[in-house]
Amino acid sequence: MKIYTTNDYQEMSQKAAHIIASQIILKPDSVLGLATGSTPIGTYQNLVKWYNEGDLDFKEIKTVNLDEYKGLDRENDQSYYYFMHDNLFSHVNIDLNNTHLPDGTEPDSDKECRRYEDVIKSMGGVDLQLLGLGHNGHIGFNEPAEFFALETNCVDLQESTIEANKRFFASADDVPRQAYTMGIGTIMRAKKVLVVVSGEDKADIVKKAFFGEVTPKVPASVLQMHRDVTVVADKAAMSKIITG
């Protein structure tokens, strides 16, 4: 595991974007695993900027997203489909036929999870998977549990996750209670993993996830076992780590 500590969110976003840009340049037909939430927005903004400057080309890139709320359609401005188009897809020359997310409108959980897992496998897996880090250690929507979920699954969101996400909705009652998410096994099969973390409120979970016990009760801790993980975190998020 490689860990880069940056001064602030802006530097974190630029560093992460450089890593993704290098992947795109070295392998123009890469399969990118993408994440949503507030933390990756700056990373996407840098990628869009470099595309507009002529430094990046997305025409052969394929993408698979980590997750999607169950019950939200694509037109809902809180769906992750909407988020990805608003923050990245509509600003670059990516072929939308090459972009993939779970279908939040599919009521049959088993059917949708099988379909999405098959989509990922059909592309040969993920070359680089971008992740954020939840306050309770979730990656994707893999919540703390008694075991690591192996493949794409439908999860019940914990109250801490609902609380963290309610700022995006009119009220906590409007936050979906379930989501489709890549499983821990699916994430771990990615050739490379890039984790972005920002803010002092993430300091405790950074310490548990990357310097503590590997346990499904802290889902991100499993990344300690991955062969190629890069963490880019700002000083605030790294403030509980004792060095020297």
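Annotation for segment 117-134: no member residue is touching a Ser or Thr at 6+ places or on another chain (Cβ under 7 Å) and open to solvent by 30 Å² or more (accessible area, probe 1.4 Å). Scanning segment 1-34 for residues that are part of a loop (DSSP other than H, G, I, E, B) and over 22 Å from Thr186 (Cα atoms) returns Asn7, Asp8, Pro28. Of all residues in segment 73-93, those being more than 15 Å from the chain's Cα centre (by Cα), of a type outside the set (Phe, Trp, Tyr) and open to solvent by less than 20 Å² (accessible area, probe 1.4 Å) number 1. Residue count for segment 175-197 satisfying the condition of being in contact (Cβ under 8 Å) with a residue 24 or more places away in the chain and either assigned to a helix (DSSP H, G or I) or among the aliphatic types (A, V, I, L, M) (or both): 13. Across segment 39-58, which residue is farthest from Arg114 (Cα to Cα) among those that are touching a helix residue (DSSP H, G or I) at 6+ places or on another chain (Cβ under 9 Å) and part of a loop (DSSP other than H, G, I, E, B)? That would be Asp55. When Ala17, Ala21 are checked against the criterion of being surrounded by fewer than 20 Cβ atoms within 10 Å (Cβ to Cβ) and more than 15 Å from Ala237 (Cβ to Cβ), Ala21 stands alone in meeting it.
Can you name the residue in segment 43-72 that is open to solvent by less than 70 Å² (accessible area, probe 1.4 Å) and among the acidic types (Asp, Glu) and is also farthest from Arg167 (Cα to Cα) among such residues? The selected residue is Asp57. When residues in segment 150-184 are screened for being loosely packed, with under 14 Cβ neighbours inside 10 Å and small (Gly, Ala, Ser), 3 of them pass.
Count of segment 123-150 residues, restricted to those that are in a loop (DSSP other than H, G, I, E, B), out of contact with any Leu (no Cβ under 6 Å at 6 or more places or on another chain) and either in contact (Cβ under 8 Å) with a residue 40 or more places away in the chain or not hydrophobic (A, V, I, L, M, F, W, C) (or both), is 19.
The values are calculated or read from the model by the stated rules, or taken from the named source; none is laboratory data. Just so you know, these numbers come straight off a predicted model, no measurement behind them. Here Cβ is always computed from backbone atoms with ideal geometry, including for glycine, and neighbour counts include all displayed protein chains. Just so you know, the surface numbers come from the protein's heavy atoms only, side chains and all, with ligands and any DNA or RNA stripped out. Shrake-Rupley method; radii C 1.70, N 1.55, O 1.52, S 1.80 Å.
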